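*Asks:* I'd like to ask some things about the structure below.
The numbers here are math on the coordinates, done by the rules we state, and not lab data. It should be emphasised that the depicted structure is a prediction, and the values quoted were computed from it without experimental measurement. All Cβ positions, glycine included, derive from the backbone under ideal geometry; neighbour counts span all protein chains shown.
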Amino acid sequence: MRRVKGAQARAGAPVAAAAPAVVASHTNALAAPVGGEKYAGWTFGELPELMEVRRGSQTLVGFPALVDRGTHVEIEVCDEPALAARRHRAGLRRLFALQLREPLRHLQKNIPGLQAMAAHYMPLGTLEELREQIVELAIERAFMGAPLPTDAAAFAARVQEGRVRLNLIAQEVARLAATVLQGYAAAQRKLKDGRPPREVADDVQAQLQRLVPKPFLLATPWAALGHLPRYLEAIVMRLDKLRADPTRDAQRMAELRPLEQRWLRRQAELAGAAHARLDEYRWLLEELRVSFFAQELRTPQPVSAKRLDKVWAQIDV
């Protein structure tokens, strides 16, 4: 958080951790101070992109965010815009949920096929965790379209707009989740029953962990989520073909490995920070795997090692 005057703020620390302060934005003043105030509705005025926080003689400038506290949200002001954006998205999703208690109770009890999905999800987590993911993604799809609301009127309008389509969106999310989990279970069975060589087994298991982590519905961009069933089917097809032509599989793995290793190294360096071009490269890697091991499934666009090299050359972190 940038100091305008007075003592310098501790780098990276949210203002909400300190004593309550008087807040003014570059456009509007909030209706209540930052610093532990609990909100179950949008009762705090406009939330600007940048906010000044005055504490005695010092004035600090930072990025405000709604922060999810489960039963309520709080406002924190952060140094980093990326951190504020991540926290704010989760907090805003919680604030929408707090306005929809009864519809969400009904939705949670009526997710189609949840028991069958939970059986496939069991190696990753519980039925309750899967249910929560489906509901959160449905809220995300129904209410969190750009631009996000920044005042009470826009928030109220979004609540009304999203409420009418929430159930249909939740059914869509549940169908996609079921398809992904069926593909995940089929790939795991094939991996277990096929007993491929250790190198192939390790490669496939690492791919499965990336494609379907425990929070796969929330961790995967919506556009990519729809492709997961095809990526999982490609794994099954690869393992089916392996015994007939292990040499070809080994050649493809040797070509793929350096392309993947550089992505893994860069991901580790970024430590979870978002990077759009690197994400593009990550999903091109999955398409290249389809092209290498399951050409019958086809890819949405031509993909090759040369194309990945070209995208990599444009990545600037």
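*Asks:* Compute the helix-to-body angle for 152-163: its Cα long axis versus the longest principal axis of the chain, expressed 0 to 90° and rounded to tens.
*Replies:* For 152-163 against the chain, the angle is about 30 degrees.
*Asks:* Provide, in order from the shortest bin, the percent of all Cα-Cα pairs of the chain in each 20 Å bin, continuing until the bin that contains the maximum pair distance.
*Replies:* Result returned by the calculation: 27, 48, 23, 2.
*Asks:* Roughly how many Å is it from the Cα centre of segment 270-300 to that of segment 154-199, as a whole number?
*Replies:* 19 Å
*Asks:* Next up: Greater than 31 Å separation of Cα atoms is the criterion. Which listed pairs, 192/306; 109/241; 109/192; 109/214, meet it?
*Replies:* Long pairs (Cα-Cα over 31 Å): 192/306; 109/241; 109/192.
*Asks:* Tally Lys and Arg at +1 and Asp and Glu at -1 over the other residues with C-beta under 13 Å from the C-beta of residue 145: what net charge comes out? Before the final figure, lay out the partial values.
*Replies:* Details: positive: 89, 93, 141, 158, 165; negative: 140, 161.
Value of the local net charge: +3.
*Asks:* Let me ask something else about it. How much of the pair distance distribution for segment 241-287 lies past 13 Å, counting alpha-carbon pairs only, in percent? Can you show the working numbers first?
*Replies:* Working: 677 of 1081 pairs.
Looking at segment 241-287, the distances longer than 13 Å represent 63 percent of pairs.
*Asks:* Helix-derived [θ] at 222 nm for the chain: sum -39500 (n - 2.57) over DSSP H runs of at least 4, divide by residue count, nearest 500? Spell out each step's value before the answer.
*Replies:* Numbers: 13 runs with 182 residues, N = 317.
That calculation yields -18500 deg cm²/dmol at 222 nm.
*Asks:* For segment 55-116, place one equal point scatterer on every Cα, skip the solvent, and apply the Debye formula. What is log10 of I(q)/I(0) at q = 0.19, 0.24 Å⁻¹?
*Replies:* -0.77, -0.93
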